[in-house]
1. What distance in nm lies between label points placed 7 Å from Cα along the C-beta direction at ARG216 and VAL74?
2. How high is the FRET efficiency from ARG273 to GLU87, r the C-beta distance, R0 41 Å, rounded to 0.05?
3. Please list the equivalent ellipsoid semi-axes of the stretch 115-255, computed as the square roots of five times the alpha-carbon gyration tensor eigenvalues, in descending order and whole angstrom.
4. Whose amide H sits under 5 Å from the amide H of VAL104, counting only residues 5 or more places off or on another chain, with H placed in the peptide plane?
5. In Å, what Kirkwood hydrodynamic radius results for the stretch 1-105 from the alpha-carbon pair distances?
6. Taking the Cβ of GLU114 as the centre, find all other residues whose Cβ is under 14 Å away and add up their charges (Lys, Arg: +1; Asp, Glu: -1).
7. If you take every residue apart from ALA302 with its C-beta less than 10 Å away from the C-beta of ALA302, what net charge results, scoring Lys and Arg +1 and Asp and Glu -1?
8. Per residue and in Å³, how big is the convex hull formed by the alpha-carbon atoms of the chain?
Amino acid sequence: MTAPHFLLDTDLTASQQAAVLDTADQLKARRAADRAGGGRPLEGRSVALVFEKPSTRTRMSFEVGVVELGGHPVVLDARATHLDRGETLEDTARVMSRYVDAIVMRTFAQERLEQLAGASSVPVVNALSDLAHPCQALADLQTIREHRGTLAGQTLAYFGDGNNVAHSLLLAGALAGLQVQVASPPGYEPLERVVRQAIDIGADTGSRILVTNDVREAAAGADVVYTDVWASMGQEGETSSRALVFQPYQLDEKVLAAARGDAIVMHCLPAHRDSEISAAVFDGPRSVVFDQAENRLHAQKALLTFLLDGPAEPAAAGPGPDRANP
Ligand code: CP
Ligand code: NVA
């Protein structure tokens, strides 16, 4: 059997995504009881966590999550492995597959994850690439549903760089039936092929997608306003040139006022106050950014149990890992 992977948001179907989110809610609700004993579906199993870029949340939430599921996390800085000395991704995947039950990797090009997954006999999870951040989007959907009560029909407005986080919000949001409205400066829009993929998914789920250069157009009717850093990891040399281009896209009080009166404020973190988001909005009463950060833990625990064992609760005709890559 080919192992199910999670390299891109669309590696889950809409119903599989919903099942993972339901499991995440259950895991969150019973976390205290699970920590007191029981709830150890990864007992005796190990998960490699490989990082080619820095991380605070992803590293901690996966490491703690694997331990809470009863498993053993093996955290690796890629620079301290033979990957940094020319051992191929394929050989690395073959070796790791002999030791661990899943590989979680943060890297640069999406192709690196595809190479790793192509030679791995265990599930591979994208812990952020230049293209996408699908684990973040799962936690974001869990957070939106917690605060808004539902996903389908909610309007999420994203302001800023058409980057990995924007791509995953488009794809995962389309799967969940959200209306996703992205405002980016000219030249920094999300990739055309990702936008087209989101629009195609939306034809089935009822999601609608808007990509614009106009902040007010994106903000109109938004239940959720969202932003991310202007210079992502690997783009540090562009920080000052990007700051000029992106300034009009700052998520500030004016943008928030153009959204719905009860809109929630989201940011995947790390945040730069008074850069991509004003300090008043980031620290204000509508901000749910730390709930988002917490939900990384629950959503990723749900994802790992799904990829390794199928749905946590037995379901008569529910999704299973065999069908994670149709
Ligand atoms: N949001 C997120 O992925 O944070 P880290 O880079 O700290 O993992
Ligand atoms: N777009 C950001 C997300 C960080 C979690 C980056 O790639 O650096």
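Just so it is clear, none of the values below were taken in a lab; they were calculated from the coordinates. Since we're looking at a predicted model, the values are computed, not measured. FYI the Cβ positions are ideal-geometry reconstructions off the backbone, even for glycines, and counts take in every protein chain you see.
1. 5.7
2. 0.50
3. Result for the stretch 115-255: semi-axes of 23, 21, 13 Å.
4. Residues meeting the criterion, in which the H sits 1.01 Å from N, are ALA48, LEU49, VAL50, VAL125.
5. After inverting the mean inverse Cα-Cα distance, the result is 15.5 Å.
6. Residues close to GLU114 contribute a combined charge of -3.
7. Numbers: positive: LYS28, LYS301; negative: ASP22, ASP25.
That sum, taken over residues with Cβ under 10 Å, equals 0.
8. With only Cα atoms used, the chain gives 130 Å³ per residue.
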